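Written below as structure tokens is the structure these notes are about.
The values are calculated or read from the model by the stated rules, or taken from the named source; none is laboratory data. The shown structure was predicted, so the numbers you read here are calculated from the model rather than taken from an experiment. Cβ coordinates were reconstructed from backbone atoms using ideal geometry, including for glycine residues, and neighbour counts include every protein chain displayed.
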Amino acid sequence: MKALCYVGTNKLNTERVKDPEILNPGDAIIKVSLSSVCGSDLHLLDGYVPSMREGDIIGHEFMGEVVEVGPGVKKLKKGDRVVVCSILGCGDCWFCQHDEYSLCDNSNPHEEILEKAYGHATAGIFGYSHAFGGYAGSHAEYIRVPYADKGCFKVPEGLTDDQALFCSDAFPTGYMAADMANIKPGDVVAVWGCGGVGLMAIQSAYLLGAERVIAIDRLPERLNMAKNMAKAEVLNYAEVDVQVALKEMTGGRGPDSCIDAVGMEAHSYGADYYYDRAKQAVRLQTDRPTVLRETIMACRKGGNVSIVGVYGGLIDKFPMGAAMNKALTMRMGQMHGQRYIPKLLEHVQKGDVDPTYMLTHKWSLEDGHEGYQMFKKKKDNCVRVVFAPSI
Amino acid sequence: MTEIKANKLSDFTKDDLHLEPEITGSSHINVGTTERIVSVAAGAALLYLGFKKFSITNVLLGITGASFVHRGLTGHCGVNDMIGRNTASREGVPVVVKKSVTIGKPREEVYSYWRKLENLPNFMKHITHVEPLDAGGKRYHWQMEVPKLGNKFDWEAEIVEETANERILYRTYNGSDVSQSGEITFRDAPGGRGTELHATIKYYAPEGYVGGGVAKMLNPAIESVVHEDMRRFKHLMETGEIPTIEGQPSGRENKNY
Ligand SMILES: NC(=O)c1ccc[n+]([C@@H]2O[C@H](COP(=O)([O-])OP(=O)(O)OC[C@H]3O[C@@H](n4cnc5c(N)ncnc54)[C@H](O)[C@@H]3O)[C@@H](O)[C@H]2O)c1
Ligand SMILES: [Zn+2]
Ligand SMILES: [Zn+2]
């Protein structure tokens, strides 16, 4: 089959590889219909998530059709059209039983790497480095999905593939961000980053009762989407001082909840940016925490900071004093998709949210490398490039 | 690390079999917390270097000059020592490995699967065969293959003491390839979390290797093998399968990257 493989930092190549096979009883094989790029892949490609190996198939946000099931699979059958959670949860361990699927104890076959790096291993993720299991990713014609009964969700009749796709990763991530933000009626929520994840966080914040959502980015096309499609008020951090603007917009209080939907490769105009970049380049710091610092400074006293932008290692100049003395609640994590996906498919079906607008480009797998370059450089108003292996 | 003055299996005394069941926390970790966090940080750098060795040098040289290069490189060496060779011990001295894992299943179920030693090859990566030698189910013949050493090892072991659903104490016989004694305990985890499995294994390098470099090489490996086997046991008990990616496609099939 055709598959998009990592061959080195910022280098991808579409190659011919063998088809996947069932390896464990709970596995299914999915014929991929759509597979999206995600901001998390950029951290991999830029070399900030170690333990990628040359030849690894990348991609984790996807959907398709079940073509084969292992003997342990009970709920799925051939022909089912499913959207698949990007993070693997076994469904049986203590964490999965507590709906914390991304902390699964059983789905990562290479636990020793994360045990060394983080103290404990977390769940496997498709196409997301060997530290996270080394599973072959979804930018391919077929993919093997372990724990298929737990990770595959049937797409309701009447939904198009384009509508359902982002229930795999971007929507549950944005929704979890809003869920962790502990939103109460009347709350003002600020969201940093208007990529797929940030846009879904804005819409989810409204679903969970936010009165106002303020979105922050610098790319005009994304701010337009945040405004027109997701109904947020927007701030362009290239034009305004975000800290000052947020105070003004909230009568001096600051937002009740602040969401970081940017993560470790944040961009900024401040002096701290060059400091962070220099340290990151020589690995004295692995992540650039510009946005994280901003969320903490902006957040109202006693408010909530919710982090879904990914961090990989160590950060520097963390405003712990502000977080502690303002008594902030901070929550974070890779998303627990299995907990949210059924509900999100319902929201899409009812028309509460239609994430289709984020699908700005539908390309062939052959164009994988170019697709990622465009997405990385945010060219041509790209929000998400989606590969359709059938093209 | 607990060291015992003995270098042959026949020197095991009854006392040796008394492996303190409680982990004290300090017995074999000899770096402080700060150092450990630093070693983790450097560990990330090491992983990163392994994965991008050529360009990192350029970045180091290009951006920040010699002082950073020095820090980067010395950091690198420190890590290498810390994560690679921290458990190397004096030759001829037994190594004690302690590991524990929590399994979300009732104690009786966990114990009875383990106690049927013929099951162990189902999850112990290098154990190829365990076969009972007596009707009483106390003595077993074990076989292990370690492909990296290009070797098969054989031994006979005996369960010296056992309390159903709680504890198994075993040792190998004189003259076996492998000399070890071990204690496996099973306890209820709090709050309905299932069973805590604690393993304490006292291990001597295979006969013939004692005094050679192989023992040194093997000791840290043993610790990670024991840990991995215990995790694999947990995976099997909780989900009925052991996660794997062996046999999946990748671009490596075509090329020698
Ligand atoms: N927690 C999870 O489970 C999970 C899942 C998916 C993605 N993610 C993470 O979410 C983050 C966003 O993903 P995405 O797909 O939307 O990525 P993306 O690259 O499409 O979007 C990131 C956006 O952040 C903006 N940005 C950069 N610096 C900023 C700053 N200082 N202030 C405000 N905005 C800034 C960029 O302009 C861009 O629009 C990534 O870190 C990704 O790894 C996490
Ligand atoms: Zn993602
Ligand atoms: Zn699990």
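Within the range A:254-273, the only residue that satisfies the criterion of being over 27 Å from residue A:43 (Cα atoms) and without any contact (Cβ under 8 Å) to a residue 60 or more places away in the chain is A:254. Checking A:110, A:60 one by one, the residue that is surrounded by fewer than 23 Cβ atoms within 10 Å (Cβ to Cβ) and more than 15 Å from ligand 3 (Cβ to nearest atom) is A:110 and no other.
Here residue A:119 fulfils each of the conditions (1) over 20 Å from the mean Cα position of the chain (by Cα); (2) of a type outside the set (S, T, N, Q); (3) under 20 Å from residue B:247 (Cα atoms) apart from (3). Kindly indicate whether any position in the range A:218-228 is of a type in the set (Gly, Ala, Ser), closer than 23 Å to residue A:380 by Cα, away from every other protein chain (no Cβ under 14 Å) and near ligand 1 (Cβ under 10 Å from one of its atoms). Within the range A:218-228, one or more residues are of a type in the set (Gly, Ala, Ser), closer than 23 Å to residue A:380 by Cα, away from every other protein chain (no Cβ under 14 Å) and near ligand 1 (Cβ under 10 Å from one of its atoms). Of all residues in the range A:215-229, exactly one satisfies the criterion of being of a type outside the set (S, T, N, Q), closer than 14 Å to residue A:203 by Cα and surrounded by fewer than 16 Cβ atoms within 10 Å (Cβ to Cβ), namely A:227.
Considering the range A:240-335, the qualifying helices (runs of 4 or more DSSP H), each wholly inside and each with 2 or more residues that are within 14 Å of chain B (Cβ to nearest Cβ) and basic (Lys, Arg), run over A:271-281. Considering each residue of the range A:235-245 in turn, none proves to be more than 12 Å from ligand 1 (Cβ to nearest atom), crowded, with 24+ Cβ neighbours inside 10 Å and either under 25 Å from the mean Cα position of the chain (by Cα) or farther than 27 Å from residue A:381 by Cα (or both).
Strands (runs of 3 or more DSSP E) fully within the range A:120-217 that include at least 1 residues being among the small types (Gly, Ala, Ser): A:188-192, A:212-217. Sub-6 Å Cβ pairs linking a first residue in the range A:38-49 that is in the same structural domain as residue A:131 (by TED's automatic domain parsing) and over 13 Å from residue A:288 (Cα atoms) to a second residue that is assigned to a helix (DSSP H, G or I) and more than 6 Å from ligand 1 (Cβ to nearest atom), at least 6 apart or interchain, are A:42/A:376, ordered by first then second residue.
Every residue, every condition in (1) of a type in the set (Val, Ile, Thr); (2) more than 30 Å from residue A:12 (Cα to Cα); (3) without any contact (Cβ under 8 Å) to a residue 60 or more places away in the chain; (4) in the same structural domain as residue A:217 (by TED's automatic domain parsing), yes or no:
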residue	(1), (2), (3), (4)
A:275	no, no, yes, yes
A:288	no, no, yes, yes
A:295	yes, yes, no, yes
A:306	no, yes, no, yes
A:315	yes, no, yes, yes
A:320	no, yes, yes, yes
A:340	no, yes, no, no
A:372	no, no, no, no
